[in-house]
Amino acid sequence: MPRATQPGAGWDYKKGSLAVRAWALSFSLALVLLPHPVLAAEAVPPVLTLDLLVLLIVLAAGALAIAGGLWGLAERRNTVAVRDSLRATTSKARALLSARDAWLSAGRESLMVWGADMSAPLSFGEGAALMEACLVGPDATDLSTALDALAANGTSFVLACRTMDGRSINVRGRPAGGSVAVFLEPESRGETSQVDFQAILDAVPIPIWMRRPQDLALSFVNRAFLSASGTPSHEAALQMNIAFDRSERDLASMARGDNVPVDAKRFAVLAGHRRALNFTLAPLPNGGVVGSAVDVTASSEAETRLRQHLDAHADTLDRLATAVAIFGPDRKLTFYNRAYVRLWGLPEAWLDAHPGEGEILDRLRELRRLPEQPDFRAWKQDRLKLFERLDQHPEELWHLPGGKTLRVVTQPHPFGGLIFLYEDVSDQLRLESSYNTLIKVQKATLDTLQEGVAVFGPDGKLKLYNAAFARIWRLEPAELAGEPHLRRIADACATRFGRDRVWEVVISTVTAAAPERRREWGEAERSDGAIISLSIAPLPDGATLVTFVDATDRFRIESALRERNEALEASDKLKSEFVKRVSYELRTPLNSIMGFAEMLNSGTQGQLSEKQGEYADAIVRASEGLRDLINDILDLSTIEAGAMELDLHELNLFTLLSGVAEHAQEWAGKIGLTLSLECREDAGTFVGDGRRLRQVVFNLLSNAFKFTPRGGHVTLGGDITGEDVRIFVADTGPGVSPELMPSAFERFSAKGVAVTRAGAGLGLALVNRFIELHHGWVELESEPGHGTRVTCHLPRRAPSQRQSAG
């Protein structure tokens, strides 16, 4: 390589000793062997100009010659040796300088060296040509500024300079003693690098291509591009100028024009399938464009499905009764559902503006819809600090001013921020309070029962019991704590009372696997003599209700009552038989008395005096009364024995009552009473026993005549309303006192105000029995001082006739 030279100033060597000559020789050799920065691994020593080096060598040689001359007289013999040595040293220095120039030129970097005066630089390799190309390229201004700073201040620099033909040259400069060294290295663009570049791009699994600066035609495609486009070779792709989408060239032009990368999503048909591609077009320094296409079909479909899922999720949340609000990491409202709007009553337009949590809290406080807080500011700060905590979000209960209670749940959102759930639990709390109250009432109620109550769950464990249960089986509270199993309780009872059938029945019923469980009950005697009444009932939830009753006292009382009742029944039967027998026995002498009295009264045996006639009439009336009493007693006995049968046939109500009234009119007149009939002639007909009903009416009239004072009024009446036949007798007598009314229809109960005229007390009793035989009933209405009214209610038809008619 040509090397520039520069003349230097002369050197003045003085005479010296051998030490001076040795020093001069060492200095010359040091200059000759001065290492280049490339050879000395970046440690660049001071570089002397070539002319200066030659001058130094010449001066050194002149100095040696003068020294040799001065010393020639003394050391003549050494002069030739010193001259030869200097010649050899000079030759070696020149050889080293030539070798250094060759080494610098053969290096990868070219070199430019300026001296202290920055004039006539030395160039090694292609340093001058590369420097000129950089100084006319687009980065010339930056390079000139860096060179000036290096020369003036010794500031090192490293630049990548572009040339007009698109090459890039790495330039670095640094001070070297009193000189300046600039190294230039163009980027490698050899054949081997291109092959490596293409191999790398071919290994990339996404399509990559390059377009030329001039017409944006394809200049390179990789193997993935050929596979995606279905093109057989690189040459065919370049020749057809293939593009995945029509707008791809427009995107490339936009990237080149704006000198910024462009991203766009397009759809293209690849291998017969419509695919979503994400195009990236980036400008190159030479004006070309490099592009890539990433298949984002899967991610696009995933995004679509995610969007559908989010929409469905939002729609689902909108249908919930629980208010939901989602805040992003910036504490802004990003989602709310309809329940949230209904709960707080906030305008949707305001919520759509994405207010922050703090703004919402302030708005709700103004509307008095938040819980009352002694220090709202501190409470609000605590709420906002929830966004800073990731795991500590306890549930809260908010008691609002209107009496509503909310359960507030806070949880982190997967994408950052928080989710707030507001559930109205007012009804739930009320129900829970009511339930707890009912449970307490139930427990208190059960504890007041005398029956022992125990509820066993489907697993056989004791779920509920009362105090009577523990008392009956003498169980301690510790034995019933913790829901003990049924068998454990049975074992505890067996230790006290021995094994008995009661618990065997309970165990078999509770633990039975039968699909249909039935109620069980019964009584069993315990080993201590107590009688336990057991009742087992299945419950709808699968549990079993078991009740225990200590029936010992009841059993004893029932036994005593049963024995007493049997004795009373026997006594009553004996009394009835006695009365019946006596009644029959009284008939014979009574008939004789009545016959002889009537005969005497008729005068067949001679006329009686007036006084004797009165006596005979009295005997006849007393005998007739006694006869009627005996007949009543016999009728009652027959009815009570169940031997009386009714002779049923159709009766006319008016005919029945008018016939009785006609015979009773004379009787009423004799005792100073008036009798009236209240019954329409068209009242209708009904089915009954005429003989017994006449007897009923006569008994009612007889009873009224007896208890109504002289001058009183007695009314006989009847009517038919629907299926109800009514026959009544009303009087204006003194009435019946309230305490006597319950026993008015009992036998031998003839008590009233007019006790002097009271009979045996069988009239109303017999009336009641006859009406009951007709499947009717008797109603008694009376008020002291306002008379009495007795009404007989009869069915219009006999029961057998009603059934056949129905």
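Just a few scattered comments:
- The range 254-312: radius of gyration and largest Cα-Cα distance (Dmax), Å: 15.1, 51
- Most tightly packed first, judged by the mean number of other beta-carbon atoms within 10 Å of their residues, the peptides 597-607, 481-491, 203-213 read 203-213, 481-491, 597-607.
- The alpha carbons of the range 421-552 occupy a box of 61, 34, 23 Å along the principal axes, longest dimension given first.
- For the range 344-396, the equivalent ellipsoid derived from the Cα gyration tensor has semi-axes of 21, 16, 10 Å, listed largest first.
- The listed residues V441, V294, V505, V221, once ranked by accessible area (1.4 Å probe) with the largest placed first, stand as V441, V294, V505, V221.
- In this simple spin-label model, placing a label point 7 Å from the Cα along the Cα-to-Cβ direction at both L284 and T334 gives a separation of 4.2 nm.
- Annotation: the range 383-461 has a Kirkwood hydrodynamic radius of 16.6 angstrom, from the mean reciprocal C-alpha pair distance.
- Taking all protein chains together and rolling a 1.4 Å probe, K404 ends up with roughly 80 Å² accessible.
- With 30 Å as the limit on Cα-Cα distance, the pairs of K440/K461; K404/K461; K611/K670; K265/K385; K573/K670 that go past it are K404/K461; K265/K385; K573/K670.
- Share of carbon and sulfur in the accessible heavy-atom surface of the range 639-743 [1.4 Å probe, %]: 51
- Accessible area of H234 in the full protein assembly, 1.4 Å probe (Å², nearest 10): 50
- Under the Debye formula (equal points on every Cα, no solvent term), log10 I(q)/I(0) of the range 229-336 at q = 0.18, 0.24 Å⁻¹: -0.95, -1.27
The values are calculated or read from the model by the stated rules, or taken from the named source; none is laboratory data. Computed from a predicted structure; not experimentally measured. Using ideal geometry, Cβ is built from the backbone for each residue, glycine included, and neighbour counts are taken over all protein chains shown. Please note that ligands, DNA and RNA were not included when accessible areas were found on the heavy atoms of the full protein model with its side chains. Shrake-Rupley method; radii C 1.70, N 1.55, O 1.52, S 1.80 Å.
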